[in-house]
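Note sheet for the following structure.
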Amino acid sequence: MEKQLMLINGKWIDSGSSDYIQVTNPATGDLIAQAACASPENIEEAVRAAEKAFPSWSKLSPAERADYLYKVSNVILKESEKIARKLTSEQGKPLKEAEGEVRGSAGVIRYFADEIQRTYGDIIPQKEPHIKSMVILQPIGVVVAITPWNYPVQLLAWKVGAALAAGCTVVAKPSSQTPLSPLEFLGCFAEAGVPAGVINGVVGPGGKVGEILISHPAVRKVAFTGSTEAGKKVMEKCSKGLKKVSLELGGQSPLIICEDANLEKAVKGAVRRSFRNMGQVCNAVNRIYVDRKVYDKFMERFIEETKKLIIDNGLENPSANLGPMVSKEALDKVIEHINDALKKGARIAYGGEKPEGKKYEKGFFFKPTILGDVNHDMLIMREETFGPAVGVMPFETIDEAIKLANDTKYGLAAYLYTNNVHTIRRVCQELECGSVGVNNVNVSTTNVPYGGWKESGIGRELGREGLKEYMQTKHIKLEFFEVEK
Ligand code: NAD
């Protein structure tokens with residue numbers, strides 16, 4: 001049985017409390033590893049190591065830190081297959097998808113290494129000609145990065161790439177469901193020669209290990225991705241020490257399809273964003289609003305294309321479209337949302353059950369599911385399902401579509417398919433969310449800020465804004481004297 005150790009102060013460390021987390025493969029139910037769980041002493045050691053490493057790491061020039069990160073990016077690419085296999089075996093997504101996630105994460109590290117070298121402050125003139133205000137950006141200090149299981153490597157890369165480039169040091173805590181691939185990923189930083197203590201990785205339950213980390217007085221910033229419920233607890237804890245916090249939380253993203261849309265492109269977008277990673281994506285499409293005039297045609301083609309998705313064990317069939325869901329709890333929530341909709345009058349247009357066959361028996365497999373006759377009393381149209389189920393509803397006017405799209409506490413992303421430039425302007429203006437995809441469904445882009453409105457979060461990741469989340473501003477007021485001639 002593989003034993004996964006933690007990375008603390010440049011060394012691989014076993015649990016100080018003999019506590020282990022059992023890691024299983026969601027495609028087979030097999031136990032694949034035991035991950036060492038952090039004791040309070042392990043946590044203390046990790047935070048103190050990050051604190052000790054901060055002065056020298058933060059004093060390196062941006063170019064020097066970038067050199068380290070370019071090396072890290074190359075090591076990740078070299079190790080990508082190994083990391084991806086761990087990712088698939090603990091999370092379930094098909095191997096090709098996992099490889100894409102890992103290679104993309106190497107690109108994110110490289111992006112922040114580039115971006116920090118063009119991150120400038122300001123020199124602001126004052127009314128007296130001999131006085132200038134210099135505004136500089138400095139790293140905030142020790143960062144705690146807490147991440148979920150759906151994109152365990154990518155969401156860690158967004159945080160540690162920006163934090164390390166900015167000059168911060170990090171203690172990362174991945175999800176207990178998927179600790180293997182994130183720790184393998186963090187090992188690449190050590191292999192590339194990043195000094196001991198600059199990056200540490202510990203494992204353990206959020207309510208215990210996560211909360212101890214957040215409350216530690218040496219921590220100055222918390223970068224969190226997870227559910228809205230947990231995000232609120234994290235924010236409460238951060239308020240005690242007035243720590244900077246960024247929260248990337250849940251979503252309930254709508255897709256609006258207008259009469260004049262390119263229907264084939266809209267169908268392709270709907271299939272990808274509703275079901276990719278088994279709908280376990282923060283910006284997944286949960287609900288689709290289609291102009292009544294093209295509703296039937298859309299439904300017909302949406303079902304046809306969804307039926308073509310290949311579901312399989314992602315290690316045995318690396319090119320499958322879909323794997324299992326991550327856990328029984330995640331699958332149970334999808335079934336609960338479907339049953340709630342059926343009770344309130346919805347009908348299953350496709351799916352709604354486990355696929356048939358021996359290979360699906362043990363894992364958390366489920367068919368991608370399309371529901372018709374839905375309304376906004378149903379959980380599926382308002383709460384985050386975080387699974388492969390989507391409700392499709394006709395609309396009469398664009399006003400109605402916008403109102404329905406905004407009828408949720410979430411505000412992460414939304415999607416619109418239309419060829420009318422006036423509709424694009426109006427709808428993009430009025431949607432209450434952090435990102436809008438127009439005629440596409442891919443809104444998380446490395447060099448662009450990403451994050452939510454309303455209960456989907458606070459702060460931004462990626463892009464210049466994502467880097468500045470790890471920096472604080474200092475004003476230096478300079479008065480110059482007349483130099484004698
Ligand atoms: P989760 O909130 O249960 O856990 C996320 C992480 O937070 C885990 O590492 C967990 O151990 C930790 N945690 C939980 N409670 C904590 C607490 N009280 N204090 C400190 N840490 C705590 O979420 P999950 O089930 O792992 O992930 C799914 C959720 O993540 C979904 O709601 C999804 O929308 C969200 N998500 C959001 C984004 C985004 O960018 N907005 C991206 C991916 C996932």
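The values are calculated or read from the model by the stated rules, or taken from the named source; none is laboratory data. These figures come from a predicted structure and were not determined experimentally. Using ideal geometry, Cβ is built from the backbone for each residue, glycine included, and neighbour counts are taken over all protein chains shown. Calculation scope for accessible area: heavy atoms of the full protein, side chains included, ligands and nucleic acids excluded. Shrake-Rupley method; radii C 1.70, N 1.55, O 1.52, S 1.80 Å.
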Of all residues in region 302-324 being in contact with a strand residue (DSSP E or B) (Cβ under 8 Å, 6 or more places away or on another chain) and polar (S, T, N, Q), the one that is least open to solvent (accessible area, probe 1.4 Å): THR306
In region 441-467, the residues that are closer than 30 Å to GLU264 by Cβ and open to solvent by 60 Å² or more (accessible area, probe 1.4 Å): ASN442, ASN447, VAL448
Answer residue from region 139-183, given it is within 17 Å of GLY466 (Cβ to Cβ) and assigned to a strand (DSSP E or B) and is farthest from the ligand (Cβ to nearest atom) among those: PRO139
Entirely in region 1-111, the strands (runs of 3 or more DSSP E) that have 3 or more residues that are not hydrophobic (A, V, I, L, M, F, W, C): 2-4, 20-24
Region 435-464 residues that are closer than 20 Å to LYS232 by Cβ, paired with ones that are more than 12 Å from the ligand (Cβ to nearest atom) and open to solvent by 40 Å² or more (accessible area, probe 1.4 Å) (beta carbon under 8 Å, 6 or more apart): TRP453/GLU432; LYS454/LYS409; LYS454/GLU432; GLU455/LYS409
Residue match in region 390-411 (condition: buried (at least 24 other Cβ atoms within 10 Å of the Cβ), closer than 20 Å to LYS307 by Cα and within 16 Å of the ligand (Cβ to nearest atom)): yes
Filter result for GLY100 (modelled with pLDDT of 95 or more, surrounded by fewer than 16 Cβ atoms within 10 Å (Cβ to Cβ) and among the small types (Gly, Ala, Ser)): yes
Residue match in region 325-344 (condition: of a type outside the set (Val, Ile, Thr), open to solvent by 20 Å² or more (accessible area, probe 1.4 Å) and closer than 26 Å to ASP399 by Cα): yes
Residue count for region 246-301, restricted to those that are in a helix (DSSP H, G or I), more than 16 Å from the ligand (Cβ to nearest atom), open to solvent by 10 Å² or more (accessible area, probe 1.4 Å) and not aromatic (Phe, Trp, Tyr): 14
PHE365, sole failed condition from (1) open to solvent by less than 10 Å² (accessible area, probe 1.4 Å); (2) under 30 Å from ILE424 (Cα atoms): (2)
Residue identified as touching a residue at least 12 places away in the same chain (Cβ under 8 Å) and within 22 Å of HIS422 (Cβ to Cβ) among ALA389, ALA405: ALA405
Residue among ILE136, ILE124, ILE109 that is surrounded by 22 or more Cβ atoms within 10 Å (Cβ to Cβ) and farther than 21 Å from VAL23 by Cα: ILE109
Residue in region 197-213 that is surrounded by fewer than 22 Cβ atoms within 10 Å (Cβ to Cβ), over 20 Å from GLY16 (Cα atoms) and more than 9 Å from the ligand (Cβ to nearest atom) present: no
Which listed residue is among the β-branched types (Val, Ile, Thr) and either at pLDDT below 95 or closer than 18 Å to VAL443 by Cβ (or both), from VAL294, VAL271, VAL245: VAL271
Of all residues in region 224-236 being among the aliphatic types (A, V, I, L, M) and touching a residue at least 60 places away in the same chain (Cβ under 8 Å), the one that is nearest to the ligand (Cβ to nearest atom): VAL234
Qualifying residue in region 328-343 (condition: assigned to a loop (DSSP other than H, G, I, E, B) and in the same structural domain as ALA270 (by TED's automatic domain parsing)): no
Residue within region 368-378 that is of a type outside the set (Gly, Ala, Ser), within 16 Å of the ligand (Cβ to nearest atom), in contact with a Gly (Cβ under 9 Å, 6 or more places away or on another chain) and open to solvent by less than 10 Å² (accessible area, probe 1.4 Å) present: no
Flag if SER239 is outside any strand (DSSP E or B), among the polar types (S, T, N, Q), more than 17 Å from the chain's Cα centre (by Cα) and more than 10 Å from the ligand (Cβ to nearest atom): yes
